[in-house]
Amino acid sequence: MRMRTYLAAGVAALVFAVTSAAQAQVEGGSVSVVVTPEPPMLMQALNQNGPTNMIAGNIYESLLRFNEALEPQPSLAQSWEVSEDGTVYTFKLQEGVTWHDGEPFSADDVVFSLDVFLREVHPRWRPIVNNQVETIEKVDDNTVRLTLKQPFGPLLLAMETASAPIVPKHIYEGTDYASNPMNNTPIGTGPFKFEEWNRGSYVHLVKNEDYWMDGRPYLDEIYWRFIPDAAARAFAYETGEVDVLTGGAVDIFDVPRLSELENSCVTSKGWEMFAPHAWITINHRNGILGNQQFRQGLMHAIDREFGRDVVWNGFGEIPTGPISSKTRFYDADVPTYDYDPEKARELIEASGYDGEPIEFLALPYGETWTRWAEAIRQNFADVGVDLQIVTTDVPGWTQRTSEWNFDMTFNFLYQLGDPAIGVARSYISSNIIKGSPFANVGGYSNEEADKLFAAAAIAPSDEERQELYSQMQALLAEDLPVLWLLELDYPTIHRCNVKNVVTTAIGVNDGFRDAWKE
Amino acid sequence: MNALSRFAANRGALIGLALIVVLVAIVVLAPMLYPQSPWRMVGRPMGAPLDGSFLLGTDTLGRDVAAGIVHGARVSLLIGIVSTFAALLIGVPLGAVAGYFGGIVDDAVMRFTEFFQTIPSFALAIVLVAILQPSLPSIVLAIAIVSWPPVTRLIRGEVLSLRTREYVQAAITVGQSTPRIIFTQILPNTLAPIIVMASLMIATAILLESSLSFLGLGDPNLMTWGYMVGAGRSRIIDAWWISFFPGLAIFLTVLALNLVGEGINDALNPRLRKEVRK
């Protein structure tokens, strides 16, 4: 009897030992990831499409990484200092870093990337470096100093991989960047090296054996698979052909079903940096749409909770204003609009709306958006607003939106960590430009808001920025330049034995450095 | 035996006719049966048939599937009839002119017709709707444009044989004008094949419209059967009724129209029927 007890204890100890060994990171293994659609290229400094970033963020690196609270973490910079007045940033670089082709990495690469390459090609880095930065200089081989013209709070957040990837000087200096043949075989400093791109099928990345961080990465290889049909992507996961479904790879209504499969985990984290904010863009130039009271009526007419709970299967949060609750400087203390058709009808009647049909340009991003448009059309019909849906394809939508040729349309924009980078662009009057669907295409113009955005971007302390952004949020929530609908969730679904896939604010985009397979 | 009694003796045709009567009744009674918009979210999303107060269940947004089918019937029938009529408007005059005048005119018209017949009709319809933007008029136009060539060929053949008949020759001799001969002597005698063809064309047009809507190229502001099948397709595993019932409605309508068309054909051409059955 006693003997048996010991035996049982022994077995228990053994089991415990085995399980705790399994808890430790395991080296090796291959992971298949679905990403959609297939990206146009993998040279991240030249292209920042979503799928490009997901793959290339594991090939290239920037100076910093960000955790889920959007706090900067070391990456190519092992440490950094900011001067008292907030105008001088000194980055100490990692030592012993080499490029994937074996060349050593140094401060020269950083200066070349930030001052020359990205200044010329990068749509997000260019305005920052041109407007805010005085000089970018090499102090020694492992130190770089940025001097600003004035304090600029969001500078560190602009050091995210897709926003400021560091590119190899020895490959690009003096060449025509866009046509450099090396763009097809990207060379970075990241944990994974480019191996092969079988167009229409997959991108194969392999472990960088000389990675600067000891013991990383754990995985031997990653296959990024391209499967054109959403149902086929879901099926590939069900059959075990792939291990990870990146955000947006399957229809949102398939998420609950797929996450209930055995050994299947789902997380909504890893999108804090982007925090996609969905809304109805209003063309303020078109008749009644420029009327504030009318817009407030519309906001009361939309059943946003229905949109989240039924159309988006319960994923996401309902926003209160222009800044996502997932990012910094959010303030909930603003005028809110609950679903109230009675009140909506009163406001719309008072606005002088005469029943004219309003065109809604549908967003051709799949079924969920189509259903959402239908639900909102019905919400509007219930309060007497005649909304006519017009359908188009992706190039048609981009073209009509960029050329201001619409009454209303859906759009969703990334917040990019800081209101000065990701929010202001949709509301400030200096960004009323044609040619991009992500500018202030509705033509909203409010002097007060312009001033608040401008002041908040360069206010020296976070407290002062918060104060200005709080004022801005209250002002816009009252005026409704657009109708905010949902803070979108893009759940990442993965096999539970693939660990640590999402550990940062950009999720799979740079997560595979720390991922491992049990 | 006259045509009517021959039709009445055809069981398939009677079943088809009964189905069409039911369909027309539904269309007429739609505003009374389901006075609310079929787009209105009225119940729990994805409710099963007979579960709660919804006969055929609800769709992904909680819209009543039965209301959608009843309102969709009107759109389907409307598009079927209007686009068939439009196709006849193009096809009949062209065929009549080609058959009556012959020669170069005939050659020119027939080459033009063949040009349209060589293009796959569904692909052409998709292209037309995509270019013109999906809406009720553009869909009717697209269906008419892809379905007139067979009408032209049929009418041309009929006219070709009719114009050699004695009564036409007599009309020419007494000096009737050409348009008058075509309209009063020849075309009335082509009515029978036109009616048969039209009833089958309505069925084809309904199928074509459903296919376009299924692909998302329907008028986004009209509830149609094809749209309902397309929108419910991705949920077929957990909510089969969303796409099953509208699909059934399409099937029954097209079947009924075909049965009636065959019935009319048999009734009007008894000799042809016997030859075929021999």
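Every number here is computed from the coordinates shown, using simple stated rules; none is lab data. Bear in mind that the values here come from a model prediction, so they are computed numbers and not experimental data. Heads up, the Cβs are rebuilt from the backbone with ideal geometry, glycines too, and the neighbour counts pull from every protein chain shown.
Of note:
- Centroid-to-centroid separation of the stretch A:390-429 and the stretch B:58-94 [C-alpha atoms, Å]: 35 Å
- Inter-centroid distance (Cα atoms) of the stretch A:168-209 relative to the stretch A:434-497, Å: 35 Å
- Were the residues from A:Asp382 through A:Glu103 laid out at 0.36 nm apart, the gain over their Cα-Cα distance would be 93.9 nm.
- Relative contact order [Cα under 8 Å, 6+ residues apart], chain A, whole percent: 21 percent
- Label-to-label distance, nm, for residues given as A:Ala231 and A:Ala24 (7 Å Cα→Cβ offset): 4.8 nm
- For A:Lys326, the lysines whose Cα falls under 18 Å of its own Cα, not counting residues fewer than eight places away in the same chain, are A:Lys269.
- B:Thr60 long-range amide H proximity, modeled H, under 5 Å: B:Met46
- Each of B:Tyr167, B:Ile194, B:Gly157 was scored by the projection of its Cα onto the charge dipole of the stretch B:137-278, and the greatest displacement toward the positive side belongs to B:Tyr167; charges sit on the C-beta of Lys, Arg, Asp and Glu.
- Partner shielding of B:62-68 amounts to 1, given as the average count of beta-carbon atoms from other chains within 10 Å of each residue beta-carbon.
- Relative contact order (percent, whole number), the stretch A:292-343, Cα cutoff 8 Å, 6+ residue spacing: 45 percent
- Pairs from the list A:Lys207/A:Lys517; A:Lys92/A:Lys169; A:Lys207/A:Lys499; A:Lys92/A:Lys499 with a Cα-Cα gap above 21 Å: A:Lys92/A:Lys499.
- Sorting A:271-278, B:232-239, B:25-32, A:115-122 by their mean Cβ neighbour count within 10 Å, with the most densely packed peptide first, gives A:271-278, A:115-122, B:232-239, B:25-32.
- Förster-model FRET efficiency, 35 Å R0, A:Asn67 and A:Asp393, C-beta, rounded to 0.05: 0.35
- C-alpha center-to-center spacing [the stretch B:139-169, the stretch A:298-366] in angstrom: 55 Å
- Cα-projected label distance for A:Glu81 with A:Gln150, points at 7 Å along beta-carbon direction, nm: 2.7 nm
- For chain B, the 222 nm mean residue ellipticity estimated from helices alone, with every DSSP H stretch of n ≥ 4 adding -39500 (n - 2.57) and the total spread over all residues, rounds to -23500 deg cm²/dmol.
- Fluctuation leader among B:Pro35, B:Pro93, B:Pro137 - chain B, Gaussian network, Cα springs under 10 angstrom: B:Pro35
- The stretch B:1-43: C-alpha pair distances exceeding 12 Å, %: 70 percent
- Mean shadow area of the stretch A:121-169, taken as a quarter of the surface of its Cα convex hull (nm²): 3.9 nm²
- Counting only residues at least eight positions apart within a chain, or on another chain, the aspartates and glutamates with an alpha carbon under 20 Å from that of A:Lys149 are A:Glu81, A:Glu84, A:Asp85, A:Asp115, A:Glu120, A:Glu134, A:Glu137, A:Asp418, A:Asp462, A:Glu464.
- Chain lengthening between A:Asp333 and A:Asn497 when straightened (0.36 nm per residue, less Cα-Cα): 54.9 nm
- Inter-chain Cβ neighbour count for A:391-399, averaged per residue, equals 2 (cutoff 10 Å, partner chain atoms only).
- Structural descriptor for the stretch A:162-232: relative contact order 22 percent, calculated from alpha carbon pairs under 8 angstrom and at least 6 residues apart.
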